[in-house]
Every structure is written in structure tokens, then in C-alpha cells.
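What follows is a short report on a single structure.
The values are calculated or read from the model by the stated rules, or taken from the named source; none is laboratory data. Owing to the predicted nature of the structure, the values given are computational and were not obtained by experimental measurement. Here the Cβ positions follow ideal geometry from the backbone for every residue, glycine too, while neighbour counts run over all protein chains shown.
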Amino acid sequence: MRRLEHFPNLVTMFFTRAAEKGDAPFLWHKEGGRWVSQSWRQVAEQVAALAAGLKRIGLRPGEHVMLVSENRPEWCIADLAIMAAGCVTVPTYITNTERDHHHILEDSEARAVIVSTDKLARVVMPSVIRSSRVRAVIGIEKMRIGQTGDTAFHDWRALIDSETPDIAAIASAAEGIGRDDLACIIYTSGTGGAPRGVMQHHGAILHNAAGCTAVISEDFGWDDEVFLSFLPLSHAYEHSGGQFFPIGLGAEIYYSEGLDKLAANIEEVRPTIMVVVPRLFEVLRQRMVKTIEKQGTLPQALLRRALGIGAKELKGGLPFWDKPMDMILDRTLRPKIQARFGGRMKALVSGGAPLNPDIGVFFHSLGLTLLQGYGQTEAAPVISCNRPKAGIKMDTVGPPLPDTEVAIAEDGEILVRGELVMKGYWRNEAETERALVDGWLHTGDIGHIDEKGRIVITDRKKDLIVLDKGDNVSPQKVEGILTLQPEIAQAMVAGDRRPYLVGLIVPDAEWAREFAKTHGLPGDIALLREHEPFRAAVSAAVDRVNRDLSTTEKVRRFVFADEAFSIENKQMTPSLKIRRHVLREVYGPRMDALYKG
């Protein structure tokens, strides 16, 4: 059993691993239709050269550098080089608008910007030009930059090539960075308003990397791990779990070509660990069920038996009379499913939003280890994770990471203390004082700790719906069950200070097309939702859900959304959580009208 060493900072951890791994492959990306790698030594040389270049163009220790890029090797190189120069990384989402970039650029007081493409630069540059602080812009790819005012423009490759990569000198200088020093300012994705800058120090992310390493080492065995990175690296979950955790392990990182090619990438890369969000599992589950349904009665029967057996296993063990069927499933259905995930997956770690327990049971039943984790950007971000040795229970988020204190306040709020807790919100003392009290992070989540030390989250303080008679309802629970229905892709429920819940529904596009074809109705969903048979079919799905809900949780009426919730229309965050305040702005009057007549 191996453990992660106690490093003084993230840069030293990287250079230590690079020295150990040398010419072994580290970062992979697709180029010309094939996977191309850069070795640990090559990456270390680029990090050292870029760090020297950043110093030469005038960046000083403690200054902030905004990083705007899709997931790619240069993202990792830039992040490490910024920190190696003693500076602080400010990652931003590539889906940000000009207004978003301007807010973060001004709020963070960034002195330089690294941007990957000409397309992204066109959105960022207006804010750069208006800024009085930015001194330099570094373009990773060739780009057409016009006037930049007083801001100097530098080409990524030219800046790196102009320096002699002295790894020893840069690594030695970086050893002076302490665990308590600021590593990055990560802006929360803003489900309820303007994003706030969370100050994460080196020790917080190192704490996460060490804790996650303990889970892998003790429960699965630490080997030559392979990660596939596809969640935005500007999100704390991927930044820590998909970059610094694999660096600590000395693992290889492949950068996905995007969500549309994710399934193919998984089969090609054959990852051993993946960091994912629940929404991806919901989509995969629906696709897998539809595929099996088309294969006939035998595969459908095998799926039903697998789900029954999986549920029994998670509840406390498999009766001996189910073991023959379990062996049959190990030879028939499960290998086919596992092959679609590359065939050597140790664990799929779900985080970023609550996972519906039924989704967890589904994947466990098909032979995939799905671990639900829990965290917040304010905790670097991982607080806890389900572990096989502690017993996986899908309605829990597992025990806290090592060296992480968790307590339950009198009102049921989950409190967290330890090195993983942020320094506070950048330039926001009022919010910092509300979130951090006597060293404890007040998460805003409600829950308890079960008899095996696993955290159970029951509600979200700020997301609770309080009906007019005082009944509390967790909207995420109801929405999660609604989206398990094949007819429903996305949902939001509302009802604060109202007599009952109402819903906003996005029908599943594939199901809608099949329904229209079968019933001779128009394929355009905008026209389709005006037809009573279609509405009745979706209504029947809501009724099925209502049968399993308490009286206060039932969705009495609903309206259809005009379009799917997406990152592009700002109705979802980049980590695929719905933005309730945006949806309320768009659909509030229509949902309010459901209470009339």
C-alpha cells in the first residue's frame, strides 16, 4: 500500500513525479486522428521554460494570471508554469460571455491572460483592452490580434522557445512556495447569481490528492493509472480530481475530444479512473436501456435480473439462490457493458451534483464500480467519497477523506474543517465570514452521519422549497426521479410559498421523435407539444413518478420548456447543474400561471 508523500506545494509534487517518470508518456491528445503523447520530461521542460518566460515579461510572485482554454496539454502546462513562477492561476470557462470574462478579470485583478484559440480571444480581448491592470496576453495558438493598447501580446511557442528550460533552477525556486500559499482562485459556476472567487491554497489541493490516493491505494491498488479528462478543467472537480490527483499518482492523462466523441474515446483510451458528473450517467443509462430494449426479450430479462441482484448486493449481500444467475450475468451481459467502458475501469467517481441512487444501482448491477463523492469548490473540492472497504451505499456519499473533520450542526447543516478548506472568497469578506466560522466551513447542505461513518445528504439549505403550509421539499430529489423517466430529459420544480409543486419539463428528444413517428404527428417538438396525445404521454410519466412520492412532493401541473437547458443558453452551469434563477426569469410567469384556474 503506497501513500502520497507530504509535498510543500503542487509544483514540487509535479517536478518530483517528472524526475521519477522521465521519458514515460504523460499527456495525450488527438492529432490527425491519432493519439499523440508528451513525456513527463518534455512537459517539465515546457513548464520550466514558460515559468521563466512569465518572469521575464514582468510577472511577479503573487500576481494573478487568467487562463482561458479548453482541456488540452497546454492547460496543464500553463497552470503549472503560472504556479512555478510564484503566481496564482485564475481559470475561467470557455463558455463564458464577454461580460463573464470582464467580471472575473476585474474582480481577480489579473495581470496577464493566457488564451488558447483565436475564437476564445475574440471574446476575451474586449475585456483585456478595457482593463487597466492586464500587462500581457499569451496566445497558445496563432491568432489575429489587432490593437491591444498598453497590453503586450506574446506567442506561446516563441515565449517558451526563447528560454533555456532549466528544470533544476525552477524546481529549486518553487520549493519556497508553502502549502499555505495561494495556488488558484476558482470562480464558482454561479447557480444562484454572480460567481465568487474561491481562494484555494496549495495545501488544500494536496490534501485532496492525498485523500483520493488513499482511496485508490487502499481499496483498489495503486498501479499505472490512466485518466480521461473531459469535464472542464476550470471547474474545481476536474482541476483537482482530473489533473493534480493523477499527477500525484504519476498517471497518464488523455484529453477527450469532447462529449460527442466521449464514448469512442473511452473505448480507445481504456481509462482506469474517470471523474464524471451525474448527468452523464443519466444520459448513458437511457441510451443503454434503449439499446437493450431493441435487442429482444432475452437481453431485457437479463437486465431485469441484473438490476434485482445488484440492488440485493448493495443492501447487504446476495442470497445463495441468486449466485448461479449472477455467474451467468458475469459471462453474458456485464462483459459487453464493461467493454464499452474500456474493459479495465477501476472506478467511475461521480461528483459535482447529487446522484440519484437508482442510477448508482443500475451501473453497479452491470459490473461497474460507481463511487459517489461529495464536495464543494470551497473544499478543494472533495470532502468525502464512497469506498468499497466501508461498504458502498448509494444513498450516501461515503466517509470523509483522511484528515478531514465533518460535524453536524444543531440545525443539521454539514460542517467541514481541515487543510482542504478554502482561505475565503477573494475580495468578499462578508461572504467569507458567513461561510467560515471558527475554522468550520458551513456547506449549506443538510444531512447526518450513518452508523458506518458515511455522510448522508438529505437536503440543501438554500435550495429547499418551503410550501405555504410549512412543508419542506428537496427539489433535486423530485427532479432526479422525473429525469429517470424515458419521456423526460430535464426538469425543474418550483413551489416556494405555494400550495403544491409545479414543474418545467424538457421532453427527451429521441423519445419524442419516436412518439411522433408512431402517432403520425409533426416531428418538430415545438409543434408536437401542442398535441394532446403527446402531452398526455408526458403527463403519464409525471403521474408514475407521483405514485412513489409523498403528498407534498407530488408535481401537480407542468409546462413544457421552449428548449433544452444548456450551457449555451445559460440555463445550466458548465458542470451541468441547472441555474434556477435563470430558469425562473424565463419561465416564472408561465409556472405562476399554473396556480390559477
**Prompt:** If you take the residues of segment 334-363 that are part of a loop (DSSP other than H, G, I, E, B) and either at pLDDT below 90 or among the charged types (D, E, K, R) (or both), which of them is nearest to residue 401 (Cα to Cα)?
**Reply:** 351
**Request:** Kindly establish whether residue 183 is in the same structural domain as residue 56 (by TED's automatic domain parsing) and crowded, with 22+ Cβ neighbours inside 10 Å.
**Result:** yes
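Scan 144, 133 and give me the residue that is surrounded by fewer than 21 Cβ atoms within 10 Å (Cβ to Cβ), in a loop (DSSP other than H, G, I, E, B) and at pLDDT 90 or above.
Sole residue among the options that is surrounded by fewer than 21 Cβ atoms within 10 Å (Cβ to Cβ), in a loop (DSSP other than H, G, I, E, B) and at pLDDT 90 or above: 133.
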**Fill in**
If we keep only residues of segment 316-328 that are part of a helix (DSSP H, G or I) and more than 17 Å from residue 369 (Cβ to Cβ), then the residue modelled with the lowest pLDDT is 320
**Asked** In this structure, does residue 585 turn out to be in a loop (DSSP other than H, G, I, E, B), exposed (fewer than 13 other Cβ atoms within 10 Å of the Cβ) and within 28 Å of the chain's Cα centre (by Cα)?
**Response** no
**Message:** I'm trying to understand the selection: among the residues of segment 88-114, which are assigned to a loop (DSSP other than H, G, I, E, B) and either surrounded by fewer than 24 Cβ atoms within 10 Å (Cβ to Cβ) or among the basic types (Lys, Arg) (or both)?
**Reply:** 93, 94, 95, 96, 97, 109, 111
**Request:** Return only the number of the condition from (1) in contact with a strand residue (DSSP E or B) (Cβ under 6 Å, 6 or more places away or on another chain); (2) in a helix (DSSP H, G or I); (3) among the β-branched types (Val, Ile, Thr); (4) closer than 30 Å to residue 571 by Cα that residue 82 does not satisfy.
**Result:** (4)
**Item:** Residue count, segment 410-437 (criterion: touching a residue at least 12 places away in the same chain (Cβ under 8 Å) and among the hydroxyl-bearing types (Ser, Thr, Tyr))
**Value:** 1
**Message:** I'd like the full set of residues that are closer than 28 Å to residue 252 by Cβ and free of Cβ contacts under 8 Å to residues at least 24 places away in the same chain, limited to segment 285-308.
**Reply:** 287
**Request:** Considering only segment 37-72, state which residues are within 17 Å of residue 22 (Cα to Cα) and within 28 Å of the chain's Cα centre (by Cα).
**Result:** 37, 38, 39, 40, 43, 44, 46, 47
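Matching residues to (1) touching a Pro at 6+ places or on another chain (Cβ under 6 Å); (2) β-branched (Val, Ile, Thr); (3) assigned by TED's automatic domain parsing to the domain that holds residue 573:
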{"residue": "323", "(1), (2), (3)": "no, no, no"}
{"residue": "332", "(1), (2), (3)": "no, yes, no"}
{"residue": "356", "(1), (2), (3)": "no, no, no"}
{"residue": "362", "(1), (2), (3)": "no, no, no"}
{"residue": "370", "(1), (2), (3)": "no, no, no"}
{"residue": "388", "(1), (2), (3)": "no, no, no"}
{"residue": "394", "(1), (2), (3)": "yes, no, no"}
{"residue": "401", "(1), (2), (3)": "no, no, no"}
{"residue": "409", "(1), (2), (3)": "no, no, no"}
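Among the candidates 324, 388, 319, 357, which residue alone is surrounded by fewer than 15 Cβ atoms within 10 Å (Cβ to Cβ) and touching an Asp or Glu at 6+ places or on another chain (Cβ under 6 Å)?
Working: 324 fails: touching an Asp or Glu at 6+ places or on another chain (Cβ under 6 Å); 319 fails: touching an Asp or Glu at 6+ places or on another chain (Cβ under 6 Å); 357 fails: surrounded by fewer than 15 Cβ atoms within 10 Å (Cβ to Cβ).
Just one listed residue meets the conditions, 388.
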**Asked** Could you list, in sequence order, the residues of segment 560-582 that are small (Gly, Ala, Ser), under 26 Å from residue 536 (Cα atoms) and touching a residue at least 12 places away in the same chain (Cβ under 8 Å)?
**Response** 561, 564
**Prompt:** For residue 158, all conditions in the list (1) in contact with a strand residue (DSSP E or B) (Cβ under 8 Å, 6 or more places away or on another chain); (2) without any contact (Cβ under 8 Å) to a residue 24 or more places away in the chain hold save one; what is the number of the exception?
**Reply:** (1)
**Item:** Members of segment 314-327 found to be touching a residue at least 12 places away in the same chain (Cβ under 8 Å) and either hydrophobic (A, V, I, L, M, F, W, C) or in contact with a strand residue (DSSP E or B) (Cβ under 6 Å, 6 or more places away or on another chain) (or both), listed by number
**Value:** 314, 325
**Prompt:** Got at least one residue in segment 523-534 being over 19 Å from residue 587 (Cβ atoms), modelled with pLDDT of 90 or more and under 32 Å from the mean Cα position of the chain (by Cα)?
**Reply:** no
**Request:** Output yes when any residue across segment 109-123 is outside the structural domain of residue 571 (by TED's automatic domain parsing) and on the phi > 0 side of the Ramachandran plot, and no when none is.
**Result:** yes
**Prompt:** Does segment 426-433 include one or more residues that are part of a strand (DSSP E or B), buried (at least 16 other Cβ atoms within 10 Å of the Cβ) and either in contact with a strand residue (DSSP E or B) (Cβ under 8 Å, 6 or more places away or on another chain) or outside the structural domain of residue 377 (by TED's automatic domain parsing) (or both)?
**Reply:** no
**Request:** Please identify the pairs in which a residue from segment 198-211 that is within 11 Å of residue 245 (Cβ to Cβ) has its Cβ atom under 7 Å from the Cβ atom of a residue that is surrounded by fewer than 24 Cβ atoms within 10 Å (Cβ to Cβ) and among the polar types (S, T, N, Q), counting only partners at least 6 apart or on another chain.
**Result:** 211/404
